[in-house]
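K.L.:
Attaching a single structure in structure tokens format; questions to follow.
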Amino acid sequence: MQFAQPHSATITVLPANRVRAWLFSLALLVYLADQLSKLWVLNTLDHFDQVVVIPGFFHLVHVRNSGAAFGILSDAAPWVRAAVLVGLSSLAVLALIVLLWRASASNAWGGAGARYGLALILGGAVGNIHDRLAYGNVVDFLDFFLGSWHWYTFNVADSGICVGTALLLIDLWRSAPPAATR
């Protein structure tokens, strides 16, 4: 009697340079989508103009955020905002580049979720830094609400940062070693 040989799956491991090219391309794609969408807003909507996309749920509105997330530092002097927000963001971008470079060469730095997450965060961070350098503030335009509940207006870069952070956290949570039991 003859038994069938078990079918073995082959795992293809891409060279680090191909992984890096893909991940940095993803970051570039997020940056370009962010900047093109903001360019559309700047050329289409005046400040505070609004387009109803889904009544009672989603509008496009042209607003500017001179502070950080949720308007933090928006009342600070312009030079303080620039120094803190552009300076800290630039340091974060450099750290993200190093982390993404290292993560793309080794599974020891997390799984695919961590790598994709870092790429999305990088693209979003560069998009918002670009705005701060070009305009002195960040162009926001995605406005979601439901009844009296209203979220802060955001943009594509913010979306990349949030989705990337979620992917990174999920990957870290899934790859965390189980807690030691006594």
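The values are calculated or read from the model by the stated rules, or taken from the named source; none is laboratory data. Predicted model, so just to flag it, every value in this text is computed and none were measured. All Cβ positions, glycine included, derive from the backbone under ideal geometry; neighbour counts span all protein chains shown.
K.L.:
Going by the structure shown, is Leu42 over 20 Å from Ile161 (Cβ atoms), touching a residue at least 24 places away in the same chain (Cβ under 8 Å) and part of a helix (DSSP H, G or I)? Spell out the reasoning first.
P.N.:
Working: over 20 Å from Ile161 (Cβ atoms): yes; touching a residue at least 24 places away in the same chain (Cβ under 8 Å): yes; part of a helix (DSSP H, G or I): yes.
For Leu42, the condition - over 20 Å from Ile161 (Cβ atoms), touching a residue at least 24 places away in the same chain (Cβ under 8 Å) and part of a helix (DSSP H, G or I) - is met.
K.L.:
Hey, does region 155-167 have a residue that's in a helix (DSSP H, G or I), over 27 Å from Val41 (Cα atoms) and touching a Phe, Trp or Tyr at 6+ places or on another chain (Cβ under 9 Å)?
P.N.:
yes
K.L.:
Can you find a residue in region 99-107 that is more than 18 Å from Tyr31 (Cα to Cα), surrounded by fewer than 19 Cβ atoms within 10 Å (Cβ to Cβ), small (Gly, Ala, Ser) and out of contact with any His (no Cβ under 8 Å at 6 or more places or on another chain)?
P.N.:
yes
K.L.:
Six or more apart or on different chains, Cβ under 8 Å: which pairs go from a residue in region 148-161 that's closer than 11 Å to Asn128 by Cβ and touching a residue at least 60 places away in the same chain (Cβ under 8 Å) to one that's part of a helix (DSSP H, G or I) and of a type in the set (Lys, Arg)? Could you list them?
P.N.:
Filtered contacts from region 148-161: Asn155/Lys38; Val156/Lys38.
K.L.:
Still on this structure, please answer the following. Only residues in region 45-63 that are farther than 15 Å from Asn137 by Cα count as the first member; pair them with residues that are aromatic (Phe, Trp, Tyr) and not in a strand (DSSP E or B), Cβ under 6 angstrom, at least 6 apart or cross-chain, and list the lot.
P.N.:
Within 6 Å, no pair qualifies.
K.L.:
Quickly run through region 18-62 and pick out the residues that are more than 20 Å from the chain's Cα centre (by Cα), loosely packed, with under 13 Cβ neighbours inside 10 Å and aromatic (Phe, Trp, Tyr).
P.N.:
Phe48, Phe57
K.L.:
On to the next question. Against the definition (part of a helix (DSSP H, G or I), at pLDDT below 95, among the small types (Gly, Ala, Ser) and under 30 Å from Ser175 (Cα atoms)), how does Ala108 come out, yes or no? Lay out the reasoning, then the answer.
P.N.:
Values: part of a helix (DSSP H, G or I): yes; at pLDDT below 95: yes; among the small types (Gly, Ala, Ser): yes; under 30 Å from Ser175 (Cα atoms): yes.
Yes; evaluated as a whole, the condition is true for this residue.
K.L.:
Are any residues in region 116-149 out of contact with any Lys or Arg (no Cβ under 7 Å at 6 or more places or on another chain), polar (S, T, N, Q) and surrounded by fewer than 24 Cβ atoms within 10 Å (Cβ to Cβ), and if so, which ones?
P.N.:
Scanning region 116-149 gives a single hit, Ser148.
K.L.:
Give the residues of region 115-141 that are in contact with a Ser or Thr (Cβ under 8 Å, 6 or more places away or on another chain), assigned to a helix (DSSP H, G or I) and either without any contact (Cβ under 8 Å) to a residue 12 or more places away in the chain or not charged (D, E, K, R) (or both), sorted by residue number.
P.N.:
Across region 115-141, the qualifying residues are Gly117, Ile121, Gly124, Ala125, Asn128, Ile129.
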